[in-house]
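Remarks on the structure that follows.
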Amino acid sequence: MQSISGYLYNQTIDMVFNSDSLPNRENTLVYAKPLQIFKGIDNKIKLLVKNQDQKLQSLLDTTVIFNLIDSASKELIFSSRVIPYSDKKGSAYLRLDRTELNDLTAGIYNYSIQLISSDGEFKIVYADDNYNAQGQARIVEGVYPTFQPSLEPKLGPFYNNNPNFNGYSDGTYAYSDVLNVFDRVKARDVQQTVQYSVSDFVGQVWIQGSLSATLTAYPDDWFDITYIYFGGNTGCYFENFNGKFGLIRFKIQTQQGTLNKILYRP
C-alpha cells in the first residue's frame, strides 16, 4: 500500500521594529523569505515582531495593518488588519480570505506592515534583510485547477460546402462548427453541461458526438447524444450528459425565435 505524507504548518514572518531614529544593525534579518499566498484557500499567516534587541514587542496597545502592493505600478491592492494574540507577546496573525484573492493574477507582489501606536504615531516595521519597509509576496495558483472558460460553438452565418465554415445548413437543420474535446475530457464517463440562451425560441437542439479524435468538417460517424425541445422559451436553460467523445457539434431546427448562444463545458 502506498503512503503519502502531508505537512500542515503555520507560515511565520519575522519582523523588526526599531524604536531608535537610526537602524540598529545588531539585529539584522539574515534571510527574509518571501511570503507565499495561495489562491483558492484562506491564508492564515503568523507574524513575530521584535525590537533591535530581539525582544518580542507587545502589540496589544497598537494597530497593525498589512498592505499588499503591486510590485510594478506600486498601487495598493488592499489592506487588512493584523490581529494580535492576547496571550502571546509580539505575536499576531493575518487572515487573507480567499475571496480577496480571486481577482488577483498570480505573480510577484510587495507587502508592508504599518504599526500605529496608541497615540496615533505611524512606525516602520522592517520586512526584509536590508531594512526596507517592503517585503516580497508571491501569489501562487495550484491549490485548485486553473479555471478554463466554456466552449462557445459558432452558430452562423452558415456557409454550405465552405472549407472555412462556421457550421453549415442542409436546408432543414443548421449545424454548429465542430468542437474538438478529445483532450478536454480525460475520464470515460464525465458529466458535461450545456447552457442555451434563447429568445422566444421554438425548436429543437440535438447534441451530436463523434468518436473521431481528428477535427474534420464532415466526419461520417456522427450520432445523437441527447436533445432538448423549446416551446417558445426565453432565457437561459441547461442540460447535462455523460460520456467521452472526440468531437461535439450541435444540430438545430428552428421554427420560431432565436437561439442566441450555446456554452458547453466538457
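The values are calculated or read from the model by the stated rules, or taken from the named source; none is laboratory data. Everything numeric here is computed off the predicted structure, so don't read it as measured data. All Cβ positions, glycine included, derive from the backbone under ideal geometry; neighbour counts span all protein chains shown.
Out of the stretch 174-223, which residues are part of a strand (DSSP E or B) and closer than 12 Å to Phe245 by Cβ?
Leu179, Asn180, Val190, Gln192, Ile207, Gln208, Gly209, Ser210, Phe223
Yes/no matrix, rows are residues, columns are (1) at pLDDT below 75; (2) of a type outside the set (A, V, I, L, M); (3) within 30 Å of Ile69 (Cβ to Cβ); (4) under 29 Å from the mean Cα position of the chain (by Cα):
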residue	(1), (2), (3), (4)
Asp119	no, yes, yes, no
Ala137	no, no, yes, yes
Ser169	yes, yes, no, no
Val178	no, no, no, yes
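Does Asp200 qualify as being among the charged types (D, E, K, R) and at pLDDT below 85? Write out each step before concluding.
On the way: among the charged types (D, E, K, R): yes; at pLDDT below 85: no.
Considered against the rule, which asks whether it is among the charged types (D, E, K, R) and at pLDDT below 85, Asp200 comes out as no.
Taking the condition small (Gly, Ala, Ser), over 16 Å from Asp103 (Cα atoms) and in contact with a strand residue (DSSP E or B) (Cβ under 8 Å, 6 or more places away or on another chain), does Ser86 pass?
Numbers: small (Gly, Ala, Ser): yes; over 16 Å from Asp103 (Cα atoms): yes; in contact with a strand residue (DSSP E or B) (Cβ under 8 Å, 6 or more places away or on another chain): no.
No, not satisfied.
Among the numbered criteria (1) assigned to a strand (DSSP E or B); (2) farther than 19 Å from Asp42 by Cβ, which single criterion is violated by Tyr109?
(2)
Please go through the stretch 180-235 and pick out each residue that is touching a Lys or Arg at 6+ places or on another chain (Cβ under 7 Å), among the aromatic types (Phe, Trp, Tyr) and exposed (fewer than 14 other Cβ atoms within 10 Å of the Cβ).
Within the stretch 180-235, no residue meets the criteria.
Somewhere in the stretch 30-45, is a residue over 31 Å from the mean Cα position of the chain (by Cα), surrounded by fewer than 18 Cβ atoms within 10 Å (Cβ to Cβ), assigned to a loop (DSSP other than H, G, I, E, B) and at pLDDT below 85?
If we filter the stretch 30-45 for residues that are over 31 Å from the mean Cα position of the chain (by Cα), which is where we start, we get 30.
Going one step further and asking which of them are surrounded by fewer than 18 Cβ atoms within 10 Å (Cβ to Cβ), we end up with 30.
Now restrict to residues that are assigned to a loop (DSSP other than H, G, I, E, B): 30.
Then drop every residue that is not at pLDDT below 85, which leaves 30.
Looking through the stretch 30-45, at least one residue is over 31 Å from the mean Cα position of the chain (by Cα), surrounded by fewer than 18 Cβ atoms within 10 Å (Cβ to Cβ), assigned to a loop (DSSP other than H, G, I, E, B) and at pLDDT below 85.
Mind listing whichever residues of the stretch 51-61 are surrounded by 17 or more Cβ atoms within 10 Å (Cβ to Cβ), closer than 12 Å to Lys89 by Cα and not hydrophobic (A, V, I, L, M, F, W, C)? Don't jump to the end; show me each part of the working.
Taking the stretch 51-61 and keeping what is surrounded by 17 or more Cβ atoms within 10 Å (Cβ to Cβ), we get 52, 57, 59.
Narrowing further to those that are closer than 12 Å to Lys89 by Cα: 57, 59.
If the condition is that a residue be surrounded by 17 or more Cβ atoms within 10 Å (Cβ to Cβ), closer than 12 Å to Lys89 by Cα and not hydrophobic (A, V, I, L, M, F, W, C), then Gln57 is the only one that fits.
Considering the stretch 46-59 alone, what residues qualify as being charged (D, E, K, R) and at pLDDT below 85?
Once the filter is applied, which keeps residues that are charged (D, E, K, R) and at pLDDT below 85, the stretch 46-59 yields Lys50, Asp53, Lys55.
When Phe245 is evaluated against the numbered criteria (1) out of contact with any Lys or Arg (no Cβ under 8 Å at 6 or more places or on another chain); (2) assigned to a strand (DSSP E or B), which criterion, by number, is the only one it fails?
Checking Phe245 against (1) out of contact with any Lys or Arg (no Cβ under 8 Å at 6 or more places or on another chain); (2) assigned to a strand (DSSP E or B), the one that fails is (2).
Would you pick out the residues in the stretch 49-83 that are of a type in the set (Asp, Glu) and over 28 Å from the mean Cα position of the chain (by Cα)? First the steps, then the outcome.
Going through the stretch 49-83, the residues of a type in the set (Asp, Glu) turn out to be 53, 61, 70, 75.
Answer for the stretch 49-83, where residues must be of a type in the set (Asp, Glu) and over 28 Å from the mean Cα position of the chain (by Cα): Asp53, Asp61.
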